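This report concerns only the one structure given below.
The values are calculated or read from the model by the stated rules, or taken from the named source; none is laboratory data. This is a predicted model, so every value here is computed, not measured. A quick note on method: Cβ atoms are made from the backbone with ideal geometry, for glycine too, and the neighbour counts reach across all protein chains shown. To get the accessible areas, we keep the full protein, side chains included, count just its heavy atoms, and leave off ligands, DNA and RNA. Shrake-Rupley method; radii C 1.70, N 1.55, O 1.52, S 1.80 Å.
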Amino acid sequence: MAEVRLVNIGKTFEEGMQVVKNLNLTIQDKEFVVLVGPSGCGKTTILRMIAGLEDITTGELYIDQKKVNELDPSKRQIAMVFQNYALYPHMTAYQNMAFGLKIKKVPKAQIHEQVMRAAEILNIQDILQKKPGKMSGGQRQRIAIGRAIVRRPKVFLFDEPLSNLDAKLRGQMRIELAKLHKKLDATVVYVTHDQVEAMTLGDRVVVLNEGEIAQNASPMELYSNPGSKFVAEFIGSPKMNFIEGKILLLDGQLVFRNNELQFDLSSLNYQNLKNHIGQEVELGIRSEDIYPTASNLKNYVKVKGQIIAIELLGNEKLIYAELEESSLIAKVKAQHEAQIRSSIDFYLDLEKAYFFSKENGQRI
């Protein structure tokens, strides 16, 4: 069983900089897990420790229930696909894919069989005699993946493999990678800073922040139930809107108030807010839960703003508006009339609102 288990894993570089802190994570056999987070959060370092390219400072790493802390990378039964493809420019696609097996002195007939099988899976039979300089970015990426497939590893490691491709090709390759995972039925650990990739590819997404796991859940769980402001802001496009305020008890009613807003919370299911009376919080709401009309909304609050920008997205548009002390991005139908520098009324669906502690950023 190609399970990958990280137990209390830590990484500290010689300069004393700790980039991974006491990390515990289990990646199940045949699972596609995405490590996502901003630059410097430790995701690539974690991947390189699994591969054996970085020493582990503290903790234990298990692959297929075997401790591999000191095991040579070549014996870990993993294959890694790098961001820059790392193809040999003087070799053809076939030779690049076969090279690792050739070094291991695998019989020629077996090499050919495994290369052709990988080429069929990736639909690259027609470019096997081309050299990397004559290939497109997508073709080079497929060759790099093919080189990993021929090794028949227990675990595939991907280090931001689509970051060098243009937007259209990235979209195509995301679909190809998802299909490839189903074909290979393999364990995959995938690193990216792109939350769209994370949400569309992962069975499970691990959001990292400063070397620690901020949240570990399915894509939908991350989106609908973020555990902290960091996750709520990182997952979703455009990012979640935030409005600062205080939770107060006025005339026996629980309210949210700042200098421009005040609304009653007592009719909503926010019982945990009672423990935060007098404290500063941040209200979070996604752009699709902000409407230009209150029709069909049960619990809402009206805000007035001035439009500072409009971004057309085909059948939808994003309206950027400034309030007195904050700003909002609303996602509305493209047909909705709006003009830059004009005033606009927005209606926030309080049934879809989130509240976060201003002190520690945790979800209330």
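Data overview
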| read-out | value |
| --- | --- |
| Probe 1.4 Å, all protein chains present, accessible-area order of PHE234, PHE156, largest first | PHE234, PHE156 |
| Percent carbon-and-sulfur accessible area, the chain, ignoring ligands, DNA and RNA, probe 1.4 Å | 46 |
| Fully extended contour minus Cα-Cα distance, from GLU288 to LYS304, at 0.36 nm per residue | 4.1 nm |
| Options LEU248, ALA118, TYR62, ranked by Cα towards positive dipole end of the chain, top entry (Cβ charges) | ALA118 |
| Computed accessible area, TYR300, all protein chains, 1.4 angstrom probe, square angstrom | 100 |
| Area accessible to solvent at SER224, 1.4 Å probe radius, in Å² | 40 |
| Estimated FRET transfer efficiency when R0 is 30 angstrom, pair VAL7-ASP203 (beta carbons, to 0.05) | 0.90 |
| Shape call, region 123-166: gyration tensor on alpha carbons, a/c limit 1.5 | oblate |
| Candidates ALA334, ALA321, ALA186, ranked by Gaussian network fluctuation over the chain, Cα under 10 Å, top entry | ALA334 |
| Selected from GLY171, GLY16, GLY202 as most flexible by GNM, with the chain as the system and alpha-carbon contacts under 10 Å | GLY16 |
| Low-density loop cleavage sites - GluC sites (Glu not before Pro) in region 286-330, where at most 16 other Cβ are within 10 Å (DSSP) | GLU324, GLU325 |
| Whether region 27-168 is rounded, prolate or oblate, judged on the alpha carbon gyration tensor where a/c under 1.5 counts as rounded | oblate |
| Cα-centred dipole magnitude for the chain, charges only on beta-carbon of K, R (+1) and D, E (-1), debye, nearest 20 | 1980 |
| Accessible surface, 1.4 Å probe, highest first, among residues ASP194, ASP126 | ASP126, ASP194 |
| Given 10 as the ceiling on other Cβ atoms within 10 Å, longest exposed-site-free region of the chain for trypsin sites (Lys or Arg not before Pro) in DSSP loops | 106-297 |
| Between region 93-107 and region 2-71, the Cα center-to-center distance that results, in Å | 28 |
| Probe 1.4 Å - accessible area at ILE143, Å² to nearest ten | 0 |
| Residue among GLY52, LEU297, ASN360 farthest towards the positive dipole end of the chain, charges placed on Cβ | GLY52 |
| Added length on full extension, which subtracts the Cα-Cα distance from 0.36 nm per residue, THR58 to ASN22 | 12.2 nm |
| Per residue, in Å², the accessible surface of region 274-364 once ligands and nucleic acids are set aside, probe 1.4 Å | 56 |
| Antiparallel DSSP beta bridges within the chain, as percent of all bridges there, nearest 5 | 75 |
| Value at 222 nm in deg cm²/dmol, rounded to 500, when DSSP H runs of n ≥ 4 in the chain each add -39,500 (n - 2.57) | -7000 deg cm²/dmol |
| Neighbourhood charge, 14 Å Cβ-Cβ cut-off, centred on GLY305 and excluding it, Lys, Arg +1 and Asp, Glu -1 | -2 |
| Residue (of LEU261, GLN28, SER224) at the positive-pole extreme of the chain, dipole from beta-carbon charges | GLN28 |
| Exposure ranking of ASP349, ASP203 by accessible area [1.4 Å probe, largest first] | ASP203, ASP349 |
| Candidate lysines - alpha carbon under 28 Å from LYS298, same-chain residues fewer than 8 apart omitted | LYS229, LYS239, LYS246, LYS274, LYS317, LYS331, LYS333, LYS352, LYS358 |
| Rounded to 5, percent antiparallel among DSSP beta bridges of region 156-282 | 80 |
| Environment charge at THR92 (Cβ cut-off 9 Å; Lys +1, Arg +1, Asp -1, Glu -1) | +2 |
| Residue with peak Gaussian network fluctuation, the chain [Cα springs, cutoff 10 Å], from ASN269, ASN96, ASN225 | ASN269 |
